[in-house]
Amino acid sequence: MTAMHDDVDQAGDGNPAKSRSTATGPAEPTRQRRRFLIIHNPVAGRNRINLAREVVRRLEQAGAVADLHCLGNGASDDSFLSQISAYDALVASGGDGTARSMVSLLQGTDIPFGLIPAGTGNVLAEELQLPRDAAGLAHMLLHGPVVGISTGAVNGAPLLLMLGAGFDGQVVARLPIGLKRRIGKPAFGWPIMTALAQEPHLFSVTIDGKVREASWLIVANAARYGGHFLLSERTNALTPGFNVVISRARSRSQRLVELLHLVAGKLEKAKSIEMLPAREIEILNAEGLPVQIDGETIASPSYRIVADVSRTPVIVPARTHPTQAD
C-alpha cells in the first residue's frame, strides 16, 4: 500500500444541492475519521486512478492518514484484509461491483464504508448523491454522517443494488471489458443491440411464494438503473425491501418499447411491465439463464434472493439523510 503526500487546498463542502432519499432510522452521530484504507479497482470504469490520488492528497492535507491500495498491482490483494480493523473507514474507488466486493469484507464489523465513484454506471453514487469531485469526496469522508443501507443476498453472497435476469444479463455477458475501460458507457451500445435482436423467452420465478412468468426480471434495491436512469421511486438503497420488476415482453418490439420507457423514466407505464414489493425471490432451473449482479455476470443452476440480510454503515454527504443539518 502507498500513502501519498502533497500540499493542496483544504477540501470543500461536498454536500449535494438537494435530498431525495428516505432512511428508516437516524444517521449515526458524525465523528472525525482520521485513518482511511482506499482500495482502487483499475478494471472498474475507465480506471480513474487520478481521482483516487487527488482524494488521498486532500485527506492528507486535512491531517488524515490515507493508504491507497491498487488491486492487481503485483502485491497480494488479500494482504490488507487483516489490517482493516486499524482504519476508521474502508473506501472503494471503483463502481458498483467493486462496492459490493468491499461491502462483503465488512460484514460483521461496524467499520463504515465510503465510495469514490470510478465505475461506469455508479448506481450507488447516484442513489446516495455522492460528490464527483475530489474536494467534495474528501470532505464527505472526513465529516459526512454514517447511514445504514439495506443489503440483500443472492445464494448467500451480498446483493448491494440490483440483480437482473434475462435481458440485462445478456447485455453484461456480451460487454467487452477492455472497451468499457477505454470509452465507458458507449461500450454498452453493441451488447444492447445484440440482446435486442433476440426474441425474449419466458422463465419461471417465485416471488414471495407465488410463481410468475418473466422474460426479464430486475430485483432492485435501488431507485436508479444503469446510473442515472430512474427505475422506480418505490424503493432506494436506504429503505428495506426489494422492488421487483417483471417484464412479460414476448417480442423484440415490446422489449424496445420497455427500453424507451426506461430512458424516459416511465418504465412502470409500459404495458408489459409489472412492479411489486418483495422480500424473497427464487429462480429454479436457471441453467443457461443470463444473470448479472451489480453489473457483474454470475452463473448458478438456481438463485435464492433475500432482502434485508444486513445493514451496511455507509458514509454519505450530510444532505443525503434528511435529519442532517448542512
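Just so you know, all these numbers are worked out from the coordinates, no wet-lab data involved. This is a predicted model, so every value here is computed, not measured. In this analysis, Cβ positions are derived from the backbone assuming ideal geometry, glycine residues included, and neighbour counts consider all displayed protein chains.
Each Lys and Arg Cβ is given +1 and each Asp and Glu Cβ -1; about its Cα centre, segment 157-311 then shows a dipole of about 500 debye.
Which of the listed residues, PRO200, LEU230, LEU217, is farthest toward the dipole's positive end in segment 184-256, when Lys, Arg count +1 and Asp, Glu count -1 at the beta-carbon? So the residue we want is PRO200. Counted by neighbouring Cβ atoms within 10 Å, the residues VAL65, VAL123 run from fewest to most as VAL65, VAL123. Peptide packing for 246-252, 139-145 was compared via the average number of neighbouring C-beta atoms within 10 Å per residue; ordered from the highest value, the list is 139-145, 246-252.
Taken one residue at a time, the phi angles of segment 266-272 give Karplus couplings (6.51, -1.76, 1.60, θ = phi - 60°) of 10, 4, 4, 7, 5, 5, 8 Hz. Gly and Pro are set to x. Summarising the label geometry, the points placed 7 Å from Cα in the beta-carbon direction at LYS271 and LYS185 lie 3.0 nm from one another.
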